[in-house]
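The values are calculated or read from the model by the stated rules, or taken from the named source; none is laboratory data. If you're wondering where the values come from, they're calculated on a predicted model, not measured in any experiment. Glycine also receives a Cβ, built like all others from the backbone with ideal geometry; neighbour counts cover every protein chain displayed. Calculation scope for accessible area: heavy atoms of the full protein, side chains included, ligands and nucleic acids excluded. Shrake-Rupley method; radii C 1.70, N 1.55, O 1.52, S 1.80 Å.
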Amino acid sequence: MQHDDPRNGESTHRSSKKPKISSQFITESDIRDEFSHHHPRIARINNGSFGSCPGSVLAAQRHWQLQFLRQPDAFYFNSLRDGITASRKIIKDLINADHVDEVSLVDNATTAAAIVLQRIGRSFAEGKFQKNDTVLMLHCAYEAVKKSIQAYVTRAGGSVIEVRLPFPVNSEEEIISELKKSIDEGKSNGRRIRLAIIDHITSMPSVVIPLKELVRICRAEGIEQVFVDAAHAIGSVKVDVKEVGADFYVSNLHKWFFCPPSVAFLYCNKSTTSSDLHHPVVSHEYGNGLPIESSWTGTRDYSSQLVVPAVLEFVNRFEGGIEGIIKRNHDQVVKMGKMLVESWGTNLGSPPEMSAAMIMVGLPSRLCLNSEKDALKLRSHLRDCYEVEVPIFHQVPKDGEEGVRDKDGFITGYVRISHQVYNTLEDYEKLRDAINQLVEDGKTCKMLFKE
């Protein structure tokens with residue numbers, strides 16, 4: 001712990017846990033103005049992939065960029081470190097961390113995964129862990145995380161156990177049961193599970209995981225460390241790292257917290273933070289602690305890390321602040337999902353309480369979506385011909401299991417719809433009508449390949 005380093009933000013001043021909420025709430029007209037840079041004709045119901053940034057925050061970003069361009073040396077020596085520390089302090093309070101030096105700002109969740117997994121890989125390579133000791137993760141973990149495990153862990157002799165996420169999912173108990181089975185497998189033949197990687201909200205398919213219970217089970221089973229990949233969390237669900245109880249927790253700030261791309265926070269519990277946790281880009285700050293290493297990785301644009309105060313001002317213009325936005329988006333995405341289900345005669349991929357600001361909605365079986373290639377083709381077709389942007393998931397049927405049916409057959413495709421403050425009812429009606437038109441015209445995914 002670098003408590004004596006002023007760059008870690010040690011101060012006698014303690015900022016309020018509950019930031020002041022504006023008494024003059026933002027209007028729908030204000031929201032339209034804030035996002036007027038969005039393409040006016042696109043039904044943008046895919047906030048989960050790349051996020052969104054309001055105009056006022058973009059203006060703040062431009063201010064920081066111009067500060068650097070006008071006088072880089074003064075910016076570097078006088079403004080950069082204090083600005084990043086101010087952002088880290090805000091995040092520390094938002095996530096209920098004990099100290100600002102538990103919070104580092106990095107590019108994205110992929111970078112954070114590399115930071116944690118290269119440390120695990122070194123432990124295998126240096127003989128601290130036994131060959132074939134294992135890392136546990138969900139089978140639908142983000143592909144970049146899987147590649148990091150391949151790059152850092154399996155190459156060094158570690159093994160991987162994947163927890164099967166049932167989908168469609170009907171209850172938290174289904175996920176808990178699968179975790180317990182995988183832990184038993186991971187501990188077989190005398191192996192030890194050195195790290196569990198648990199999503200807070202899975203990306204595709206999107207499901208809110210019973211995180212606190214899964215972390216509790218991991219602790220009870222003697223799993224040494226827990227890393228939570230919460231790329232979609234901050235801004236879409238409550239984040240309290242003390243309640244979660246994990247060693248590491250990462251969430252992107254550019255997905256649901258309105259920062260420009262790209263920036264994420266990585267929380268490292270003070271009891272597990274050590275000097276062998278490093279940023280993968282080594283600079284002259286190497287060895288000064290991860291927060292300081294991450295604050296300077298060479299000459300680059302740091303503005304996305306510096307605008308967090310401006311983002312806080314924006315979210316506090318909404319009734320209820322960030323909590324109000326979370327409730328608004330959840331309620332609306334569930335409402336829109338049910339509207340699509342009723343129109344298409346299909347199903348939701350999870351109960352509403354297991355969704356945040358994204359929800360999975362079954363597509364009509366008559367589209368005959370039978371592969372990932374079909375999903376990509378249908379997504380492109382909706383973008384190019386109907387001006388709708390939405391991710392599509394192909395549900396691979398498991399051997400021996402019957403899937404969910406609509407009146408015409410098995411449902412093998414789902415859309416993942418998002419709701420952010422700029423979305424309107426018309427966005428979802430545009431998607432609804434596009435799918436209905438394809439079905440009415442007798443179009444299948446196979447036919448779209450010929451167009």
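Remark: Gly157 falls outside the filter, which requires a residue to be in contact with a strand residue (DSSP E or B) (Cβ under 9 Å, 6 or more places away or on another chain) and either of a type outside the set (Phe, Trp, Tyr) or open to solvent by less than 30 Å² (accessible area, probe 1.4 Å) (or both). Scanning region 78-101 for residues that are among the hydroxyl-bearing types (Ser, Thr, Tyr) and under 17 Å from Val263 (Cα atoms) turns up Thr85, Ser87.
Working only within region 347-367, note down all residues that are in a strand (DSSP E or B), farther than 9 Å from Ser206 by Cα and open to solvent by less than 10 Å² (accessible area, probe 1.4 Å). Scanning region 347-367 gives Val361, Gly362.
In summary, Asp406 fulfils each of the numbered conditions (1) buried (at least 21 other Cβ atoms within 10 Å of the Cβ); (2) out of contact with any Lys or Arg (no Cβ under 7 Å at 6 or more places or on another chain) with the single exception of condition (1). The criterion of being touching a Ser or Thr at 6+ places or on another chain (Cβ under 9 Å) and either in a strand (DSSP E or B) or over 28 Å from Phe50 (Cα atoms) (or both) does not hold for Gly442. Just so you know, in region 31-46 the residues that are closer than 20 Å to Ala310 by Cα and not hydroxyl-bearing (Ser, Thr, Tyr) include one that is most open to solvent (accessible area, probe 1.4 Å), and it is Arg32. Assessment of region 412-429 against the conditions (assigned to a helix (DSSP H, G or I), more than 30 Å from Leu165 (Cα to Cα), open to solvent by 20 Å² or more (accessible area, probe 1.4 Å) and among the aromatic types (Phe, Trp, Tyr)) yields no matching residue.
The single condition among (1) buried (at least 19 other Cβ atoms within 10 Å of the Cβ); (2) under 18 Å from Ala233 (Cβ atoms) that Val388 does not meet is (2). Report whether or not Ile90 is aliphatic (A, V, I, L, M), open to solvent by less than 60 Å² (accessible area, probe 1.4 Å) and touching a strand residue (DSSP E or B) at 6+ places or on another chain (Cβ under 6 Å). Spelling it out, it is not the case that Ile90 is aliphatic (A, V, I, L, M), open to solvent by less than 60 Å² (accessible area, probe 1.4 Å) and touching a strand residue (DSSP E or B) at 6+ places or on another chain (Cβ under 6 Å). Which residue is nearest to Met204 (Cα to Cα), if the candidates are limited to region 20-47 and must be at pLDDT below 95 and small (Gly, Ala, Ser)? The residue in question is Ser22.
For (1) open to solvent by less than 10 Å² (accessible area, probe 1.4 Å); (2) charged (D, E, K, R), each residue gets a yes or a no:
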residue	(1), (2)
Ser236	yes, no
Lys255	no, yes
Lys270	no, yes
Val281	no, no
His284	no, no
Asn288	no, no
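Of all the residues in region 418-451, those that are modelled with pLDDT of 95 or more and over 12 Å from Leu363 (Cα atoms) number 15. Of the residues contained in region 194-201, one or more are found to be open to solvent by 10 Å² or more (accessible area, probe 1.4 Å) and more than 21 Å from the chain's Cα centre (by Cα). Quick check: is even one residue across region 95-105 open to solvent by 20 Å² or more (accessible area, probe 1.4 Å) and of a type in the set (A, V, I, L, M, F, W, C)? Scanning region 95-105 turns up no residue that is open to solvent by 20 Å² or more (accessible area, probe 1.4 Å) and of a type in the set (A, V, I, L, M, F, W, C).
Okay, residues lined up against (1) hydroxyl-bearing (Ser, Thr, Tyr); (2) within 21 Å of Ala233 (Cα to Cα); (3) without any contact (Cβ under 8 Å) to a residue 60 or more places away in the chain:
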residue: Leu277; (1), (2), (3): no, no, no
residue: Ser283; (1), (2), (3): yes, no, yes
residue: Thr297; (1), (2), (3): yes, no, yes
residue: Ser304; (1), (2), (3): yes, yes, no
residue: Val311; (1), (2), (3): no, yes, no
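For every residue, the table says whether it meets (1) assigned by the TED database to the domain that holds Gly413; (2) free of Cβ contacts under 8 Å to residues at least 24 places away in the same chain; (3) of a type in the set (Ser, Thr, Tyr).
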| site | (1), (2), (3) |
| --- | --- |
| Ile149 | no, no, no |
| Tyr152 | no, no, yes |
| Ser159 | no, no, yes |
| Phe167 | no, no, no |
| Asn170 | no, no, no |
| Ser177 | no, yes, yes |
| Asp184 | no, yes, no |
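Please determine whether any residue of region 118-134 is part of a loop (DSSP other than H, G, I, E, B), assigned by the TED database to the domain that holds Tyr302 and crowded, with 22+ Cβ neighbours inside 10 Å. Within region 118-134, one or more residues are part of a loop (DSSP other than H, G, I, E, B), assigned by the TED database to the domain that holds Tyr302 and crowded, with 22+ Cβ neighbours inside 10 Å.
Note on region 148-171: residues that are over 30 Å from Leu348 (Cα atoms) and either of a type in the set (Val, Ile, Thr) or assigned to a helix (DSSP H, G or I) (or both) amount to 10.
On inspection, Ser262 fails the criterion of being small (Gly, Ala, Ser), in the same structural domain as Tyr142 (by the TED database), at pLDDT below 95 and over 18 Å from the mean Cα position of the chain (by Cα). Would you check if Val215 is closer than 17 Å to Ile197 by Cβ, over 15 Å from the mean Cα position of the chain (by Cα) and either assigned by the TED database to the domain that holds Thr134 or not in a loop (DSSP other than H, G, I, E, B) (or both)? So Val215 passes the test. Where helices (runs of 4 or more DSSP H) sit wholly within region 257-340, those with at least 2 residues that are more than 28 Å from Glu224 (Cα to Cα) occupy 303-306, 308-315. With respect to the conditions (1) at pLDDT below 95; (2) surrounded by fewer than 21 Cβ atoms within 10 Å (Cβ to Cβ); (3) out of contact with any Lys or Arg (no Cβ under 9 Å at 6 or more places or on another chain), Ile149 falls short on a single one, namely (2).
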